[in-house]
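What follows is a set of notes on a single structure, which appears directly below.
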Amino acid sequence: MEIDSSDPTTVPQNGTKPHDDQEGGDFSEVEIEKKEENVQDSNPTTTTRASQGNSEAEENTNETKEANGTVEPKINGHIPNIKSQVQLPQPQPPQPRVERLQSTLSMTDSFPAIGKFIRERSSSFSAAITKRLASLREDSTGYGDFIVKNDSVNFEVTEFKIPGVKVIVKLKSEEEKEYQKGIISFFSRSNSRDCTAARSFFRQKGLNFVEINIDVYPKREKELLERTGSSEVPQIFINDKLFGGLVALNSLRNSGEFDKRLREIMGDNCQSNGPAPPEYGINDDEEESEDEWAGIARILRENLPVQDRLLKMKLVKNCFAGSDLVEAIIQHMDCGRKKAIATAKMLAKKHFIHHVFRENEFEETKQEHFYRFLEHEPFILGCFNFKSSINDSEPKSVALVSDKLMKLMSAILETYASEDRCHLDYSGISRSEEFRRYVNLARDLQRVNLQLLSPEETLAFFLNLYNAMVIHAVISIGHPEGILDKRAFFYDFQYVVGGYPYSLSDIQNGILRHNQRSTYSLVKPFANGDKRLELMLPKFNPLIHFGLCNGTRSSPTVRFFTPHGIESELKYATREFFQRGGIEVDLDKRTVYLTRIIKWYMVDFGQEKDILKWVLNYLDATKSGLLTHLLGDGSSVNILYQKYDWSGNC
């Protein structure tokens, strides 16, 4: 719908989409143009006599037309009255019905009724209807009727009038109508180039399709094998007929036979035995075994004397003594003290319990130590992957959970991100089945053993977790707009992972940056002795800054990484960031404009002149040539930093 910019008048479009067999269901585009019409005053004395006679004749004629359900052409050359489309705003005149007289005098006589109507319905919507009614009497000829499509004639473009507005309706082509008769669906996987190509082709053609990602819905892989005899993707179906893979799609597209082939398959009505669309809220029946120590933990939760204590001049809530824990285990398991201590250590290792000051996993010494359950930790209520209780299932392989996380979030991007990944549909993500499954998967992170990850797996895991948490944070608490919002976003939004809390700042500055202070912070994320320090990578990689997306427009684009390709993927992300405006070179002013990310984390990149030489490795030929010229002539180079856009990438 296009509206003349000189006029703020708009037409409400609050109707529901009609079915294909409904009248008016073929609209695809509406264009609106503002129009002014002047009403000329006429002689009321002479006009009244003529209008009274003409009005009676016109009313009789209209009644006959309405009774017959047909539209007769008018003999005076004016465009006839035709039924308006169902999805367009309909005028609702007040009762009793206002007579449509052609004279200015009759129009004046009807104004009191309109005024009464306005007083009774003193809302903006009623006022809009009143304006439309007034247009029915806007000239001395009395012909201000709606002009719409005559369904008996195959117009390509038609129009109708609403007071002060001209609407042009473009109808769908026959080809588009044919496409609506069937359902296009295809099986896919995350991060598949062939699936991306098929998805892009359907979007360019304007075709609706159903995607069944077997990384998101693993149970559907069996159906894929049964229908095609292969696990290769994409496999495209039109209704219940197998269309083929990307090779077949490219062959028909290159030969120009795709549209013809599509019409042939869609000629029949939609079949019900094609691949069913994924259902929201249905979980796959995955086998989950309860942790062998969960039963003991439940007994201890019920029997241990949990209470608040004053320890080291601090009030420690919901804790219990280590000696009480050992005695409870001895009584429950009917075992000796040595086995009870070993059991307590295993409960601590499995993150059912923690030392209140994180001084040890579990020790029984002369000095009493105090512990508490994971669900009683002060940070636990601020963790958005915790729901009322700890996940007592046997912790899954952290590598498996990391792989599923990457595939789920990649599937979300493929569906709800723009082609360049610069914009995300957070509203759509929040309602998606993929995101619902991700939230459930995040609960599996509560007690995983992160020590089992290799350095490459650790790097990919925390990069992906950061980017996934940002999406979750935007959906849950919104984009940060002020200083307090940034505090809540980067420090207070947390996950419990492997028994410990992780905020966005903890991941970026504590794990990925080797426990460096964040911008404008006076303290390091992790104190000495913090168990999370054991997860720091052996070697710092400055490219991590271009793999982290914090949900703003100036940050790098969101992406998810694989452990086996993490190095090359980070280099690609860095190169893409600088090519998209992360650096600008002004040769005349001898000035280089760098992203503010480098200024914030200058300690990670080195001196400014060294930074420019480092950046050369990630520039395209044009920018690389300009920067090389500036650095090579021996003169000074000015470095300025770009303004950071904190608005959301939505």
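The values are calculated or read from the model by the stated rules, or taken from the named source; none is laboratory data. As the structure is a prediction and not an experimental result, all values here were calculated from the model. Heads up, the Cβs are rebuilt from the backbone with ideal geometry, glycines too, and the neighbour counts pull from every protein chain shown.
Okay, here's what the table says:
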| quantity | calculated |
| --- | --- |
| Single residue of SER454, SER427, SER503, SER432 found to be outside the structural domain of VAL216 (by TED's automatic domain parsing), of a type in the set (Gly, Ala, Ser) and touching a Ser or Thr at 6+ places or on another chain (Cβ under 9 Å) | SER432 |
| Selection count, the range 375-394, where residues are buried (at least 16 other Cβ atoms within 10 Å of the Cβ) and within 30 Å of the chain's Cα centre (by Cα) | 8 |
| Check on VAL470, hydrophobic (A, V, I, L, M, F, W, C), within 26 Å of SER410 (Cα to Cα), surrounded by 17 or more Cβ atoms within 10 Å (Cβ to Cβ) and more than 21 Å from the chain's Cα centre (by Cα) | no |
| Looking only at the range 224-249, and only at residues there that are assigned to a helix (DSSP H, G or I), touching a residue at least 12 places away in the same chain (Cβ under 8 Å) and over 28 Å from the mean Cα position of the chain (by Cα), the one that is surrounded by the most Cβ atoms within 10 Å (Cβ to Cβ) | LEU249 |
| Residue match in the range 496-508 (condition: farther than 25 Å from PHE352 by Cα and not in a loop (DSSP other than H, G, I, E, B)) | yes |
| Every pair of residues 6+ apart whose Cβ atoms lie under 6 Å, when the first sits in the range 534-555 and is closer than 14 Å to TYR601 by Cα while the second is small (Gly, Ala, Ser) | PHE546/ALA573 |
| Residues that are polar (S, T, N, Q) and at pLDDT 90 or above, drawn from the range 272-315 | ASN303, GLN307 |
| Enumeration of residues in the range 288-307 that are free of Cβ contacts under 8 Å to residues at least 40 places away in the same chain and part of a strand (DSSP E or B) | GLN307 |
| Residue that is nearest to GLN642 (Cα to Cα) [pool: residues in the range 615-631 that are surrounded by fewer than 15 Cβ atoms within 10 Å (Cβ to Cβ) and touching a residue at least 24 places away in the same chain (Cβ under 8 Å)] | ASP620 |
| Residue match in the range 567-579 (condition: of a type in the set (Val, Ile, Thr), at pLDDT below 95 and outside any strand (DSSP E or B)) | no |
| Looking only at the range 308-339, and only at residues there that are of a type in the set (Lys, Arg) and either without any contact (Cβ under 8 Å) to a residue 24 or more places away in the chain or assigned to a helix (DSSP H, G or I) (or both), the one that is nearest to GLY295 (Cα to Cα) | LYS339 |
| HIS472 being of a type outside the set (Phe, Trp, Tyr), closer than 30 Å to PHE578 by Cα and part of a helix (DSSP H, G or I) | yes |
| Looking only at the range 409-438, and only at residues there that are charged (D, E, K, R), surrounded by 15 or more Cβ atoms within 10 Å (Cβ to Cβ) and in a loop (DSSP other than H, G, I, E, B), the one that is modelled with the lowest pLDDT | ARG421 |
| Qualifying residues in the range 473-492 (those that are farther than 14 Å from ILE380 by Cβ and in contact with a strand residue (DSSP E or B) (Cβ under 8 Å, 6 or more places away or on another chain)) - the one surrounded by the most Cβ atoms within 10 Å (Cβ to Cβ) | VAL474 |
| Residue count, the range 439-465 (criterion: buried (at least 22 other Cβ atoms within 10 Å of the Cβ) and of a type in the set (Ser, Thr, Tyr)) | 1 |
| Tabulated pairs, the range 202-217, first closer than 11 Å to SER188 by Cβ and not assigned by TED's automatic domain parsing to the domain that holds SER410, second in a strand (DSSP E or B) and among the small types (Gly, Ala, Ser), C-beta under 8 angstrom, 6+ apart or interchain | PHE209/SER185; VAL210/SER185; GLU211/SER185; GLU211/SER188; ILE212/SER185; ILE212/SER188; ASN213/SER188; ILE214/SER188 |
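Residue by residue, here is whether (1) of a type in the set (Lys, Arg); (2) under 16 Å from PHE370 (Cα atoms); (3) out of contact with any strand residue (DSSP E or B) (no Cβ under 6 Å at 6 or more places or on another chain) holds:
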{"residue": "ALA248", "(1), (2), (3)": "no, no, yes"}
{"residue": "SER255", "(1), (2), (3)": "no, no, yes"}
{"residue": "LYS260", "(1), (2), (3)": "yes, no, yes"}
{"residue": "SER289", "(1), (2), (3)": "no, no, yes"}
{"residue": "TRP293", "(1), (2), (3)": "no, no, yes"}
{"residue": "MET313", "(1), (2), (3)": "no, yes, yes"}
{"residue": "SER323", "(1), (2), (3)": "no, yes, yes"}
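Each row is one residue, and each column tells you yes or no for (1) outside any helix (DSSP H, G or I); (2) surrounded by 15 or more Cβ atoms within 10 Å (Cβ to Cβ); (3) not assigned by TED's automatic domain parsing to the domain that holds GLU457.
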{"position": "LEU537", "(1), (2), (3)": "yes, yes, no"}
{"position": "PHE540", "(1), (2), (3)": "yes, no, no"}
{"position": "ILE544", "(1), (2), (3)": "no, yes, no"}
{"position": "ASN550", "(1), (2), (3)": "yes, yes, no"}
{"position": "PHE560", "(1), (2), (3)": "yes, yes, no"}
{"position": "GLY565", "(1), (2), (3)": "no, no, no"}
